[in-house]
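The values are calculated or read from the model by the stated rules, or taken from the named source; none is laboratory data. Everything quoted here is computed from the prediction, not taken from an experiment. Note that we place each Cβ from the backbone using ideal geometry, even for glycine, and neighbour counts take in every protein chain shown.
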Amino acid sequence: MKQRTLIHGVILGLFCLGFGLALALTEYVTHDAIVARAMEDRQNSLGQVIPTAIHDNNPVVDTIQMRDDAGRELTVYRALKDGRVTGVAFEVFGSGYAGKMKFMLGVDAAGRVLGVRVLSHKETPGLGDKIEVKKGDWILQFAGLSLGDPPAAKWAVKKDGGRFDQFTGATITPRGTVAAIRSGLDFYAAHEAQLLEVH
Amino acid sequence: MATPGYGRIVRDGLWENNGVLVMLLGMCPTMAMTATATNGFGMGLATAVVMAASNLMVATFRNYITREVRIPVYILIVAANVTFVDLAMNAYMHELYKVLGLFIPLIVSNCLPLARLESFASREPVLPSLVDGIFMGLGFTLALTLIGAVREILGSGTLFADASLLLGPAFKVVEMRVMPADMGILMFILPPGGFLVTGLIVVGKRMLDIRAGKGIQMAGAHSV
C-alpha cells in the first residue's frame, strides 16, 4: 500500500518536473519577442498622445519617476527635441460607472493637452465605452485645451454646468473622464518645473 | 468500449454531443466571450488548440497516468498548454493576442477540455484522441460563434465587427452592420443576454434534432 502511494507521488512529480521544464523553455524562447512587442505597444499608445513631430528622442525609454498627488508611483514619458522638453505623457485615473478608468494623457510644454486615450476601463459596452477612440471621437475634443481654456468652472460635463457633452444614458463616465484629465493638468501645473527640467 | 470511428467522433464533436449545446460545459468562457461573433470565434479557436494538444498529450501518456493522480495531471497538462498558447501568441501573433489575450487564461476554467481528457483521451489511442480534441474544439467554436452572432446582432446591430483585427485585413468584407447602432438592445451584450441566447439556441438545436427524428437518443448518451 505504502509502495503504491509512493509510485503515485513519483508519477505526479515527474509530470510536474517535465511540464515545468517545458514551460521554462517556452518562456526562455519567447521572452525577447514578448519584451519587444510590449515596447512596440507602448510606443504606439504614446504615439497617439505625443505627436512624433515634436520629439527626436524615444519617449518610451526617456522617463522620469515621480509620485502623483495620491502618492502612487508615476512614470512620466518625456518628449525632447534639441535637448528641450517639448511634451510629457503620463497615466491619469478617473472613477467611472463600473470602477477605475485609466488614461494616457499627453501635455505639451505650454500646458495644453496634446491628446488623451483610454488605456483600460470597465464601462458598460454601448453606453460608457464611447470614451474609446475606436467607438467615437468624443475623447479627441480635449486636444489643445488647457487649464485656462476653458476656464476652470467649465471643466465639467454640461449637466454640471461645464462645457463637455455627456453621452445619452451615461453621465458618470464622461464626468469621471473630464475630472481625470483636469487632475492631470493640475498635476502638470503643480510640477511643471520638475517635469521640464533636463538633467 | 471500442474506439468510435472518425466519422462518429467528428459528428459528436460538432453537433450530436456538442460541448456547449448538449453537454452544457464551458459556460464561463461562453458567457464571457460571446458579446460579439468575432470574440466567440477567436476564443473557440484558442480553446480548440488547447484541447487538441491536451488530448494528444494525455492519450500519449495514458498508460503512465495512474487513476489516483489523474485529475491533478490533467489540470497540469491543460494549464501548461494554456500557458504555451498564451506565451506563443503574445510573442508571435501579437495583434490577435491584444484581442484575445485577456481571455486565454479563462480556458483553464473551462471544464470541456478536462471532460474530454477524462472521458475520451485517457482511454483511447493517440490519433482518435487528437481528432476528438480538434472537433470538440471546433464544435465549441461553432457554438460560441453562433451565440456571439445572435447577441451581436440584437445588442450592437453589427455582425463580425473587428473580424479584420482578429483574422487580418482580408476579412474586412465580413464585417457588417445589420441595423442602426441605437436600435441595439443593451441587455443582449450584458450577461443576462448571454444566458437567454444560449438557452434559446439549446432549445433550437433540440427542436431541429427532434424534427430530424433523433431526439431521444441524443440526451446525454455519450456525455460524462
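Scanning the range A:75-91 for residues that are in contact (Cβ under 8 Å) with a residue 40 or more places away in the chain and in a strand (DSSP E or B) returns A:VAL76, A:ARG78, A:LEU80, A:ARG84, A:VAL85, A:VAL88, A:ALA89, A:PHE90.
Yes/no matrix, rows are residues, columns are (1) free of Cβ contacts under 8 Å to residues at least 60 places away in the same chain; (2) in contact with a Ser or Thr (Cβ under 7 Å, 6 or more places away or on another chain); (3) more than 29 Å from A:ALA109 (Cβ to Cβ):
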site	(1), (2), (3)
A:THR124	yes, no, yes
A:ILE131	yes, yes, no
A:GLY148	yes, no, no
A:PRO151	yes, no, no
A:PHE164	yes, no, no
A:ALA189	no, no, no
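When the helices (runs of 4 or more DSSP H) confined to the range B:1-104 are screened for residues that are in contact with a helix residue (DSSP H, G or I) (Cβ under 7 Å, 6 or more places away or on another chain), buried (at least 19 other Cβ atoms within 10 Å of the Cβ) and within 14 Å of chain A (Cβ to nearest Cβ), those reaching at least 1 such residues are found at B:37-60, B:70-92, B:94-100. Out of all the residues in the range A:1-53, which are among the small types (Gly, Ala, Ser), at the interface with chain B (Cβ under 10 Å from one of its Cβ atoms) and under 30 Å from A:VAL92 (Cα atoms)? Listed by number, the residues that qualify are A:ALA33, A:ALA36, A:ALA38.
Taking the listed residues A:LEU80, A:LEU119, A:LEU114, the one that is within 14 Å of chain B (Cβ to nearest Cβ) and within 23 Å of A:THR52 (Cβ to Cβ) is A:LEU119, with no other qualifying. Among the residues making up the range B:32-80, those that are among the polar types (S, T, N, Q) and under 18 Å from B:THR141 (Cα atoms) are B:THR34, B:THR36, B:THR38, B:ASN39, B:THR47, B:SER54, B:ASN55. Take the conditions (1) crowded, with 16+ Cβ neighbours inside 10 Å; (2) at pLDDT 90 or above; B:ARG123 misses just one of them, which is (1).
Could you check, for the range A:95-104, whether at least one of its residues is in contact (Cβ under 8 Å) with a residue 24 or more places away in the chain and more than 28 Å from B:MET33 (Cα to Cα)?
No: the range A:95-104 contains no residue that is in contact (Cβ under 8 Å) with a residue 24 or more places away in the chain and more than 28 Å from B:MET33 (Cα to Cα).
Restricting the range A:42-68 to residues that are without any contact (Cβ under 8 Å) to a residue 12 or more places away in the chain, of a type outside the set (A, V, I, L, M) and assigned to a helix (DSSP H, G or I), the residue that is farthest from A:MET104 (Cα to Cα) is A:THR52. Name the residue that is modelled with the highest pLDDT, counting only residues in the range A:42-73 that are of a type in the set (D, E, K, R) and surrounded by 13 or more Cβ atoms within 10 Å (Cβ to Cβ). The selected residue is A:ASP62.
A:ASP82 falls short on exactly one of the conditions (1) farther than 23 Å from A:SER120 by Cα; (2) surrounded by 14 or more Cβ atoms within 10 Å (Cβ to Cβ), and that condition is (2). Screening A:GLY83 on (1) under 15 Å from the mean Cα position of the chain (by Cα); (2) small (Gly, Ala, Ser); (3) closer than 16 Å to A:ASN57 by Cβ shows it passes everything except condition (1). In the range B:175-183, the condition of being among the hydrophobic types (A, V, I, L, M, F, W, C) and part of a helix (DSSP H, G or I) is met by at least one residue. The condition (being surrounded by fewer than 19 Cβ atoms within 10 Å (Cβ to Cβ), at pLDDT below 90, among the polar types (S, T, N, Q) and closer than 22 Å to A:SER45 by Cα) is satisfied by just one residue among A:SER120, A:SER183, A:SER146: A:SER120.
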